[in-house]
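The next block holds one structure in the form of structure tokens; read it before the comments.
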Amino acid sequence: MQVPKFDDPANLKHWLRGLVSVELLEGEQGHPGARSRYIFQMGKRRVEIIQTVTKRNPPGEFDAIFETPGMWNEEKNRLVALGPSKTKWIAETEFRMSGFMKVIGFLMPGSFRKQSRQHLEDFKAFAEQGKSVAE
């Protein structure tokens, strides 16, 4: 399974487009209760997102909540081995929005699904072919 590539914070820049930095704020990196600050550059906007890990059950379960003003996002990840060199990543995502973000979500509901799919595809390219979005 590709868990080490998924689980290593140093690899995030290779499959999370626009990632500038990740800073551990409290707890043990990647473990329940850990909180981290993610900074993304999205065009001219700089976005700060706080991640709180809610579940970690190696090798294939990792859940977290991501929060930024106007948006709350819970992500449940399952990595399932399909063979010695093939892994299926199942991601269940729930978005809750308020204020201006609720308007954006209403006007462009597909944009959140599109971004989630892009992360999945970028991870697949990184894990299987070594392609990085950072280059």
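The values are calculated or read from the model by the stated rules, or taken from the named source; none is laboratory data. Worth saying up front: this structure is predicted, and the values here are computed from it rather than measured. As a convention, Cβ positions derive from the backbone with ideal geometry for all residues, glycine included, and neighbour counts pool all protein chains shown.
In the list Lys76, Lys5, which residue meets the criterion of being of a type in the set (Lys, Arg), modelled with pLDDT of 90 or more and under 22 Å from Glu92 (Cβ atoms)?
After applying the criteria, what remains is Lys76.
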Quiz prompt | Residues satisfying the stated conditions in the range 60-95, i.e. surrounded by 15 or more Cβ atoms within 10 Å (Cβ to Cβ) and assigned to a loop (DSSP other than H, G, I, E, B) | solution = Gly60, Gly70
Quiz item: In the range 32-49, which residues are surrounded by 13 or more Cβ atoms within 10 Å (Cβ to Cβ), small (Gly, Ala, Ser) and outside any strand (DSSP E or B)?
Solution: Ala34
Practice problem: Would you mind stating whether Trp89 is more than 21 Å from Lys13 (Cα to Cα) and of a type in the set (Phe, Trp, Tyr)? | Solution: no
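Any chance you could count how many residues in the range 1-31 are farther than 17 Å from Leu79 by Cβ and either assigned to a strand (DSSP E or B) or not hydrophobic (A, V, I, L, M, F, W, C) (or both)? First the steps, then the outcome.
First pass over the range 1-31, keeping only residues farther than 17 Å from Leu79 by Cβ: 10, 13, 17-29.
Then keep just the ones that are either assigned to a strand (DSSP E or B) or not hydrophobic (A, V, I, L, M, F, W, C) (or both); that gives 13, 17-29.
Residues flagged as farther than 17 Å from Leu79 by Cβ and either assigned to a strand (DSSP E or B) or not hydrophobic (A, V, I, L, M, F, W, C) (or both) within the range 1-31 amount to 14.
Please find, within the range 96-114, the residue that is modelled with the highest pLDDT out of those that are exposed (fewer than 13 other Cβ atoms within 10 Å of the Cβ) and not in a helix (DSSP H, G or I). Full working, then the answer.
Our first condition is that a residue be exposed (fewer than 13 other Cβ atoms within 10 Å of the Cβ); within the range 96-114, this holds for 98-100, 103, 106-111, 113-114.
Those left that are additionally not in a helix (DSSP H, G or I): 98, 108.
Numbers: Ser98: 78, Met108: 65.
Among residues in the range 96-114 that are exposed (fewer than 13 other Cβ atoms within 10 Å of the Cβ) and not in a helix (DSSP H, G or I), the one modelled with the highest pLDDT is Ser98.
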Quiz item: Looking at the range 115-126, is at least one residue at pLDDT below 95, loosely packed, with under 14 Cβ neighbours inside 10 Å and aromatic (Phe, Trp, Tyr)?
Solution: no
Exercise. Look at Asn57 and say whether it is modelled with pLDDT of 85 or more and touching a Lys or Arg at 6+ places or on another chain (Cβ under 9 Å).
Key: no
Quiz item: Out of curiosity, is Phe6 surrounded by 16 or more Cβ atoms within 10 Å (Cβ to Cβ) and either among the aliphatic types (A, V, I, L, M) or without any contact (Cβ under 8 Å) to a residue 60 or more places away in the chain (or both)?
Solution: no
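Does Thr54 count as touching a Pro at 6+ places or on another chain (Cβ under 8 Å), among the polar types (S, T, N, Q) and assigned to a strand (DSSP E or B)? Step through it out loud before you land on a result.
Details: touching a Pro at 6+ places or on another chain (Cβ under 8 Å): yes; among the polar types (S, T, N, Q): yes; assigned to a strand (DSSP E or B): yes.
Yes, satisfied.
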